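Below: one structure, written as structure tokens.
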Amino acid sequence: MFTSKRNTNEADLSALMEQVKSKPLPQHVAIIMDGNGRWATKRGLPRVAGHRQGVEALREVIKTSDELGIKYLTLYAFSTENWKRPASEIDALMSLLVEYLRREIRELNSNNVKISVLGQVEAFPTVAQREIAKAVELTKNNTGLNVNIALNYGGRAEIVRAAKAIARDVLDKKISIDDIDERLFSSYLYTANIPDPDLLIRTSGEFRLSNFLLYQVAYTELVFTAPDVLWPDFDKKAYLEAIMEYQGRQRRYGGLDV
């Protein structure tokens, strides 16, 4: 767990950036963007203000990932459990999603960013579905940073969905039971053809996965911020520090140090 102080000057940030670039980087970073509501509550603001400020943190993380040459960035934006929140907050989140895509997609596309979605967006309002589809279609051939947005996503639901699809293909004789192994199972997940995350970051000091990428994070390095680093406070320095913590780990995958 780490803390991060804001207001770092540009020279220090530049030096930190070069330090991070000098070591092996994660190919795939996943982030649980937690703490928007608490950020707003601490300031006496409506929860949606925290979500809106969180968009600024998102913009900074995408930009920094692109600058570092990270290939995949997967963001937990709306879980299957988030439907339990007040209807007013859900409506505000949907509106903010539409606003973000309309405002940012041209710049993301010009920067060669590819947008993909993990989850069942069919449950979203029509206008949100339309903007998501437009963003995915516009950027589908881009070859730079892959930004995967988890929307109406749940790890358990993803696994059940994959199991049903495999069972259906066995019944239809497209595959046999003996064909089923980890590689085949992975190909039925939303993240098919995407490497498992090397690093998963969760902000706000919570120490749980919250039903995010349960199959994919078996050997992912986990980094949790201090409780006072809520998602809207997750700036470039905090992101670089999280990657540095990852770079200081030894990944043994169940084996021994060599």
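For the condition modelled with pLDDT of 95 or more, touching a helix residue (DSSP H, G or I) at 6+ places or on another chain (Cβ under 9 Å), closer than 29 Å to residue 19 by Cβ and of a type in the set (A, V, I, L, M, F, W, C), residue 223 qualifies. Residues in the range 39-54 that are buried (at least 17 other Cβ atoms within 10 Å of the Cβ) and not polar (S, T, N, Q): 9 in all. Listed by first and then second residue, the pairs linking a residue in the range 229-245 that is of a type in the set (Phe, Trp, Tyr) to a residue that is modelled with pLDDT of 95 or more and not in a helix (DSSP H, G or I), with Cβ atoms under 6 Å apart and 6 or more places separating them unless they lie on different chains, are 231/33; 231/34; 231/35; 231/203; 234/203.
Annotation note: of 77, 87, 15, the sole residue that is under 29 Å from residue 123 (Cα atoms), aliphatic (A, V, I, L, M) and exposed (fewer than 14 other Cβ atoms within 10 Å of the Cβ) is 87.
Is at least one residue of the range 140-154 buried (at least 19 other Cβ atoms within 10 Å of the Cβ) and in a helix (DSSP H, G or I)? Looking through the range 140-154, none of the residues is buried (at least 19 other Cβ atoms within 10 Å of the Cβ) and in a helix (DSSP H, G or I). Inside the range 108-124, residues that are outside any helix (DSSP H, G or I) and crowded, with 17+ Cβ neighbours inside 10 Å make up a count of 8. A residue that is assigned to a loop (DSSP other than H, G, I, E, B) and hydrophobic (A, V, I, L, M, F, W, C) can be found somewhere in the range 169-188. Taking the stated definitions as given, is residue 204 touching a residue at least 24 places away in the same chain (Cβ under 8 Å), among the hydroxyl-bearing types (Ser, Thr, Tyr), surrounded by fewer than 18 Cβ atoms within 10 Å (Cβ to Cβ) and in contact with a strand residue (DSSP E or B) (Cβ under 9 Å, 6 or more places away or on another chain)? So residue 204 fails the test. Taken over the range 18-39, the criterion of being in contact (Cβ under 8 Å) with a residue 60 or more places away in the chain and over 21 Å from the mean Cα position of the chain (by Cα) is satisfied by 19, 23.
The values are calculated or read from the model by the stated rules, or taken from the named source; none is laboratory data. Since this is a predicted model, take the numbers as computed values, not measurements. As a convention, Cβ positions derive from the backbone with ideal geometry for all residues, glycine included, and neighbour counts pool all protein chains shown.
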